[in-house]
Amino acid sequence: MRRRAAPTLPEPGLADLTPDQRLRRLELTVTRRLDGLLHGQYRGLLPGPGSEVAGSREYRPGEDEVRRMDWAVTARTAVPHVREVDADRELTTWLLVDASPSMEYGTATLDKRELAVAAVAAVGFLTAGAGNRLGAQVLAPGGVRRFPARGGRTHLLGLLRALLAAPRSDPGPGAVVAPPTLVDGLAGVQRMATRRGLVVVVSDFLDGLPDDPDAAPSWETALRRLTIRHQVLAVEVTDPRELELPDVGLITLVDPETGRRREVWTGDRTLRERYAQAAAAERDQVRQALRRSGAAHLALRTDRDWSADIVRHVHAQRRLAAAPAASRGGTA
């Protein structure tokens, strides 16, 4: 498993606040900035087919499933038709949250783990509604922690509180920490999510990246299996210092998985350029794999306004969902 080491710079963020204080701040941010966008309908977050019949249209070979055939309309018109459906009124959302050591790094307002919790809060509050349920699996150094799918605000707040209060890992030099992999987590979600729903994977997606930039990450196949049955949203969490090194002289790079350290002189311009090129290639490798798997992609950074990025994603998904409907309306 490959993880790129990160410079050990100070980690400003919400460390001075208690978990309950951070939870209240997160909830306030979500309700002020994001609440009302979906008005109780999750298709604005990640649009897709549901189960409520909303009319019929002509069958498209190679695109439509035969089990959605509307036989009554087909018999009446002598032209194959399929049922159109609206979004489900009840939604089960499954979260896979990466809490491995590489997610504990950050040099901006939040660290990556805090940003992951913010993403979970946004998904939880935006998909909350009557009959909707939320379940989660958390990949931590000590193993996989599972939260059964339940509804209600109390359940969501309990999940967020557990994520915020979870202890941090602190591997010493030479220590070997082997947390569960993304492949393990994705396989676990597939076993638990027996009914079609929404799957949200929150990670930096560094786990399982091969050294060959043309090779597929180890988790790509497992993610593709999930997209066959579920709507999948991949939330990629990054920090600016993972993308480029600052010119600050001598720094210490630390492998978050093993604790191994190496001193690096960042005044070397060639070194900084090589680091930036390697980091950009790695991020592109992740983007390409997510695209091939069929998952929707939401990129969040610790130095940006994460709520604004989520708002832009919601609007983009709405435009994509509205485009086919507008096209059908214009040709009717």
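So which pairs qualify, if the first residue must be in the range 230-249 and under 15 Å from GLN285 (Cα atoms), the second must be outside any loop (DSSP other than H, G, I, E, B) and open to solvent by 20 Å² or more (accessible area, probe 1.4 Å), the Cβ gap must be under 6 Å, and the two must be at least 6 apart or on different chains?
ALA234/HIS297; GLU236/ALA299; THR238/ARG301
Mind checking which residues of the range 209-223 are surrounded by fewer than 18 Cβ atoms within 10 Å (Cβ to Cβ) and of a type outside the set (S, T, N, Q)?
PRO210, ASP211, ASP212, PRO213, ASP214, ALA215, ALA216
So ALA99 ticks every box in (1) closer than 22 Å to ALA234 by Cα; (2) small (Gly, Ala, Ser); (3) more than 20 Å from the chain's Cα centre (by Cα) but one. Which box is left unticked?
All conditions pass for ALA99, except number (3).
What residue, of VAL254, VAL264, VAL286, is modelled with pLDDT under 90, closer than 21 Å to LEU115 by Cβ, aliphatic (A, V, I, L, M) and open to solvent by less than 30 Å² (accessible area, probe 1.4 Å)?
Of VAL254, VAL264, VAL286, the one residue that is modelled with pLDDT under 90, closer than 21 Å to LEU115 by Cβ, aliphatic (A, V, I, L, M) and open to solvent by less than 30 Å² (accessible area, probe 1.4 Å) is VAL254.
Looking at the range 56-88 only, could you name the residues that are of a type in the set (Lys, Arg), assigned to a strand (DSSP E or B) and either at pLDDT 85 or above or open to solvent by 70 Å² or more (accessible area, probe 1.4 Å) (or both)?
ARG83
Within the range 310-320, can one find any residue that is assigned to a strand (DSSP E or B) and either at pLDDT 90 or above or open to solvent by 20 Å² or more (accessible area, probe 1.4 Å) (or both)?
Checked against the condition, which is being assigned to a strand (DSSP E or B) and either at pLDDT 90 or above or open to solvent by 20 Å² or more (accessible area, probe 1.4 Å) (or both), the range 310-320 yields no hits at all.
Which condition number does LEU134 fail, the rest of (1) open to solvent by less than 10 Å² (accessible area, probe 1.4 Å); (2) touching a Gly at 6+ places or on another chain (Cβ under 6 Å) being met?
For LEU134, the exception is condition (1).
Mind checking which pairs have a first residue in the range 210-224 that is hydroxyl-bearing (Ser, Thr, Tyr) and a second that is open to solvent by 70 Å² or more (accessible area, probe 1.4 Å), Cβ under 9 Å, 6 or more apart or different chains?
Between residues of the range 210-224 that are hydroxyl-bearing (Ser, Thr, Tyr) and residues that are open to solvent by 70 Å² or more (accessible area, probe 1.4 Å), the close pairs are SER218/MET1.
So for the range 94-111 (the condition being at pLDDT below 80, part of a helix (DSSP H, G or I) and under 19 Å from ARG25 (Cα atoms)), does at least one residue qualify?
No, there is no match, as no residue in the range 94-111 is at pLDDT below 80, part of a helix (DSSP H, G or I) and under 19 Å from ARG25 (Cα atoms).
I'm trying to understand the selection: among the residues of the range 292-302, which are open to solvent by 10 Å² or more (accessible area, probe 1.4 Å) and closer than 12 Å to PRO217 by Cβ?
ARG292
Are any of the residues in the range 234-243 more than 21 Å from ALA140 (Cα to Cα) and surrounded by fewer than 19 Cβ atoms within 10 Å (Cβ to Cβ)?
Looking through the range 234-243, at least one residue is more than 21 Å from ALA140 (Cα to Cα) and surrounded by fewer than 19 Cβ atoms within 10 Å (Cβ to Cβ).
Of (1) of a type in the set (Gly, Ala, Ser); (2) in a loop (DSSP other than H, G, I, E, B); (3) surrounded by fewer than 23 Cβ atoms within 10 Å (Cβ to Cβ), ALA162 satisfies all except one. Which?
(2)
The values are calculated or read from the model by the stated rules, or taken from the named source; none is laboratory data. The shown structure was predicted, so the numbers you read here are calculated from the model rather than taken from an experiment. Here the Cβ is made from the backbone with ideal geometry for all residues, glycine too, and neighbour counts use every protein chain on show. The accessibility values were calculated without ligands, DNA or RNA, using every heavy atom of the protein model including side chains. Shrake-Rupley method; radii C 1.70, N 1.55, O 1.52, S 1.80 Å.
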